[in-house]
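This report refers to the structure that appears directly beneath it.
The values are calculated or read from the model by the stated rules, or taken from the named source; none is laboratory data. Remember, it's a predicted structure, so these values are computed and weren't measured experimentally. As a convention, Cβ positions derive from the backbone with ideal geometry for all residues, glycine included, and neighbour counts pool all protein chains shown. Ligands, DNA and RNA are excluded from the accessible area calculation, which covers all protein heavy atoms including side chains. Shrake-Rupley method; radii C 1.70, N 1.55, O 1.52, S 1.80 Å.
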Amino acid sequence: MTNTDVTTDAITDVTTTRAVLFDELGGPEVLRVHDVPLRRPGPGELLVKVQALGLNRAEALFRAGAYYYQPTLPGSRLGYEASGVVEAVAPDVTDFAPGDPVMTGPGIEMGTQGVYGDRVVLPATAVVARSRTVDAITGAAAWLTYSTAYGGLVETAGMRPGDHVLITGASSGVGTAALQVARRVGAVPVATTRTEAKKQALLDLGAEHVIVTDTEDVAKETHRVTGGTGADILFDAIGGPRLPDHAAALRSRGTIVVYGWLDGPIAFPMNWPQTIHTYANFLLPPDGRRRFDAFLATGLRDGALRPHIAEVFEGLDRVQDAHRLMESNTHTGKIVVRIAE
């Protein structure tokens, strides 16, 4: 098969695109917008015209060289999550066609396939269908956050109705998604946040209780609001030396799921017996992926799952500003960059 065999449709005259690249590790200032060549999709690939990008903490870590794999410098790409419309497909791609609305997320290698750009060529396995009733902003904020929350809480921890779930760093995109996932399953979410500033927003988003960590003891407050039993599940984005303190909020034989390490490598908690899992989306098995896709589709359709958008920045040229907001930790929910209508 050659590239001339590819269904090109609307991209016949498009040979370049704009993309965000970085040549060195560092803060938001290393991100630059460049014109780059746009190749046509090869076997198993499709071309997506990007309408919106959803920012994730993983991208800040990747940009700084602190992620679990390293960028390909110079000229590394960036970004996991986008929504857009299929513009072209290879002949062997049968699940998508030009004009289909899609979301990205699963299986992307950011250094070479990062989605921060006007257009991006991806494996068809890295995109999922987006209902035409789901707008681009919602689509850019949905797949990665909800799949992390669902995969960690339901598939890994086995969350059930009535379980008390302690969600640390709950004002993040994944944290706010976890509040909604817990509510949809019938569990009771208990959120933590550093200051009073975000408390009411978290209550409005579905938290049953909010613990302000600057002034309250997480373990003591969790045991109080659970009637002395402790939480059944800890869903933790922070890791680091505070993990034992957070784990102390659990009941005996509780379950810990660590999906981030914002505070550095995890310290092993000594309050046994507990089950500890680490979680990343590549750990979601095919059957779990099928269940999640159904969970997300129905949740978006009936409104039980609705990403909370902190701010929308207009255009790729605002990506540095979007990253600065993400690193400020002053927002609640998901930061989105709109590229096109």
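General remarks:
- In order along segment 23-38, the Karplus-derived 3J(HN,Hα) couplings, from 6.51 cos²θ - 1.76 cosθ + 1.60 at θ = phi - 60°, round to 9, 8, 6, x, x, x, 5, 7, 7, 9, 9, 10, 7, 10, x, 10 Hz, and Gly and Pro are given as x.
- Working from the Cα coordinates of the chain, the gyration tensor eigenvalues give, after taking √(5λ), semi-axes of 36, 21, 17 Å in decreasing order.
- Spatially close lysines, pair count over the chain: Cα under 25 Å, gap of eight or more or interchain: 5
- In this label model, Lys220 and Ala267 are separated by 1.8 nm, measuring between points 7 Å along each Cα→Cβ vector.
- Working note: Debye formula, equal point scatterers on the alpha-carbon atoms of segment 265-330, no solvent; log10 I(q)/I(0) at q = 0.12 Å⁻¹ is -0.69.
- Per-residue Karplus couplings for segment 133-142, computed as 6.51 cos²θ - 1.76 cosθ + 1.60 with θ equal to phi - 60°, are listed in order as 7, 9, 6, 5, 5, 4, x, 6, 9, 9 Hz, Gly and Pro entered as x.
- Kirkwood-based Rg to Rh ratio, segment 14-137, C-alpha trace: 0.96
- Rounded tilt (10° steps) of 173-185 against the dominant C-alpha axis of the chain: 70
- Rg to Rh, two decimals, where segment 127-264 supplies the alpha carbon set and Rh follows Kirkwood: 0.97
- Computed helical MRE - 222 nm, the chain, DSSP H runs ≥ 4 contributing -39500 (n - 2.57), nearest 500: -7000 deg cm²/dmol
- Residue-level accessible surface for Ile309, protein heavy atoms, 1.4 Å, Å²: 50
- Segment Ala304-Asp317, length gained on full extension (0.36 nm per residue, minus Cα span): 1.4 nm
- Just checking the listed ones, Ala280, Ala248, Ala310: in the Gaussian network model of the chain with Cα springs under 10 Å, the one fluctuating most is Ala280.
- Per residue, the solvent-accessible area of segment 16-168 (1.4 Å probe, heavy atoms of protein chains only, all protein chains present) comes to 33 Å².
- For Thr278, residues with placed amide H under 5 Å, excluding near neighbours: Val258
- Of Leu53, Leu73, Leu21, the order by accessible heavy-atom surface (1.4 Å probe, DNA, RNA and ligands excluded), from most exposed downward, is Leu73, Leu21, Leu53.
- The alpha carbons of segment 37-107 give a radius of gyration and a Dmax of 14.0, 38 Å, in that order.
- Each peptide in 312-321, 285-294, 249-258, 87-96 was scored by the mean count of other Cβ atoms within 10 Å over its residues; highest first, the order is 249-258, 87-96, 312-321, 285-294.
- Here the calculated FRET efficiency for Tyr67 and Arg324, from their Cβ-Cβ distance with R0 = 22 Å, stands at 0.75, rounded to the nearest 0.05.
- For segment 296-308, putting each phi into the Karplus relation 6.51 cos²θ - 1.76 cosθ + 1.60 with θ = phi - 60° gives couplings of 5, 4, 6, x, 5, 5, 9, x, 5, 10, 9, x, 8 Hz, in residue order, rounded to whole numbers and with x for Gly and Pro.
- Highest average packing first - 129-142, 23-36, Cβ atoms within 10 Å: 129-142, 23-36
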